[in-house]
Structure formats: C-alpha cells, structure tokens
1. Among the listed residues 52, 67, identify the single one that is closer than 21 Å to residue 9 by Cβ and modelled with pLDDT under 90.
2. Which ones in segment 53-90 are surrounded by 12 or more Cβ atoms within 10 Å (Cβ to Cβ) and assigned to a loop (DSSP other than H, G, I, E, B)?
3. If you scan segment 63-108, which residues turn out to be of a type in the set (Phe, Trp, Tyr) and either touching a strand residue (DSSP E or B) at 6+ places or on another chain (Cβ under 8 Å) or touching a residue at least 24 places away in the same chain (Cβ under 8 Å) (or both)?
4. Cβ contacts < 7 Å: first residue in contact (Cβ under 8 Å) with a residue 40 or more places away in the chain and among the charged types (D, E, K, R), restricted to segment 28-51; second residue surrounded by fewer than 16 Cβ atoms within 10 Å (Cβ to Cβ) and not in a strand (DSSP E or B), any location; separation 6+ or different chain. Result?
5. Determine if segment 9-25 includes at least one residue that is exposed (fewer than 10 other Cβ atoms within 10 Å of the Cβ), assigned to a strand (DSSP E or B) and of a type outside the set (Asp, Glu).
6. Quick one: is residue 28 modelled with pLDDT of 95 or more and surrounded by fewer than 13 Cβ atoms within 10 Å (Cβ to Cβ)?
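The values are calculated or read from the model by the stated rules, or taken from the named source; none is laboratory data. No experiment lies behind these values; they were computed from the predicted model shown. Because the Cβ atoms are built from the backbone with ideal geometry, glycine has one as well, and the counts that use them run over all protein chains shown.
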Amino acid sequence: MSQIIREIEAAQLKEQAPQFNVGDTVRVYGRIKEGNRERVQVFEGVVLKVQGGSNRATFTVRKESSGIGVEKTWPLHSPNVEKVEVVRHGKVRRAKLNYLRELSGKKAKVKEKRS
C-alpha cells in the first residue's frame, strides 16, 4: 500500500475507538439523516463479529425485534457512529457467532462473563 493511502486512512481514524469483543451486548448510537433533520438512534444487541483492520474495521450487531432477527453492520471509525456503549461482557469461545442466527429465545442468549 502506498504512503499516501496510509496517511489518508490514518487521518480518518477515531482517536478513541470503542473497546468491545465478540459476544458483548452493546448499544450503538448511530446518526440517522432524514431529509434535512438529523437524529441519534440506539441499536442494542449482541456483537456477532468484528472484522477488518485500520479504518476499514467493521462490526456486526444482532438483535431480536418482535421475534424477527435484525442485523446491522457498522464501520468502527465512521462519523455516523456516535458512540458504542458496552452493556454486558459475553463469555464466548468463537471469533464469529454465526450459529446465533439459527437460535431463538433463551437459546440465543450469550452467557455473561464473570469479572
């Protein structure tokens, strides 16, 4: 990769990137633009995967909404992600929790990590 691209990517990084892991329950505060208005919408769910590096890093959050699974993938260093708040730390042994997609109800819960 050229030096110019590295400099551009370094300028786009957030100074304080949120610290969380796969399996954690997080609240993502995302900016939504509707017409000429802008508001913040909260999306709370379990982190299924974290992938990529540098300014291209993304994370996927899944929640159950009225019995239907909803997933959103967010860029970690995006200006549209206002903040990421960790609600619970999950105890998992995998890097990607794709198996949660087939589960529902209590089976889809991730155990909480003991401090």
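1. Numbers: 67 fails: closer than 21 Å to residue 9 by Cβ.
Selected residue: 52, the only one of 52, 67 that is closer than 21 Å to residue 9 by Cβ and modelled with pLDDT under 90.
2. 57, 76, 77, 78, 80, 89
3. Selection gives 74 alone.
4. Filtered contacts from segment 28-51: 31/80; 49/96.
5. Applying the first criterion (exposed (fewer than 10 other Cβ atoms within 10 Å of the Cβ)) to segment 9-25 yields 11, 15-16, 19.
Still in the list and also assigned to a strand (DSSP E or B): none.
No: segment 9-25 contains no residue that is exposed (fewer than 10 other Cβ atoms within 10 Å of the Cβ), assigned to a strand (DSSP E or B) and of a type outside the set (Asp, Glu).
6. Numbers: modelled with pLDDT of 95 or more: yes; surrounded by fewer than 13 Cβ atoms within 10 Å (Cβ to Cβ): no.
No; evaluated as a whole, the condition is false for this residue.
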